[in-house]
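The values are calculated or read from the model by the stated rules, or taken from the named source; none is laboratory data. Since we're looking at a predicted model, the values are computed, not measured. Here the Cβ positions follow ideal geometry from the backbone for every residue, glycine too, while neighbour counts run over all protein chains shown. The protein model used for the area step is the full one, side chains on, heavy atoms only, and it has no ligands, DNA or RNA in it. Shrake-Rupley method; radii C 1.70, N 1.55, O 1.52, S 1.80 Å.
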Amino acid sequence: MSWSSPAVNEAERRTSPRVPASAVPQLTARLLAGPDVRLVDLSRRGVLLETQTRLLPGSPIRLKFVADAATLVLKGSVVRSTVSTFG
């Protein structure tokens, strides 16, 4: 099972442009004290992640970003969570 954001055809309400993770291949993300994640896209105000574990909306999270020799840990909360695939 994979969890991700709602379908693309949903009304766009984001105020910050999204950048695909493929545009910054040196950047990786990991949930601290949590499951592995795949970074899908990011903006100044949020990230889209995929993971095998359900993240409940409203849950606090801490993400560790690593790019080359730099590491950054940020706190946030889950805004949306949907099932994208079963398997």
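Couple of notes before you dig in:
- For region 22-87: accessible area per residue (Å², 1.4 Å): 70
- Coil-residue trypsin sites (Lys or Arg not before Pro) of region 29-87, DSSP, other Cβ within 10 Å capped at 14: ARG44, ARG45, ARG54, ARG80
- If the segment from LYS64 to SER84 were pulled out straight at 0.36 nm per residue, it would be longer than the present Cα-Cα gap by 4.8 nm.
- Whether region 34-87 is rounded, prolate or oblate, judged on the alpha carbon gyration tensor where a/c under 1.5 counts as rounded: prolate
- Charged neighbours of LEU31, selected by a Cβ distance under 15 Å, balance to +4 (K, R count +1; D, E count -1).
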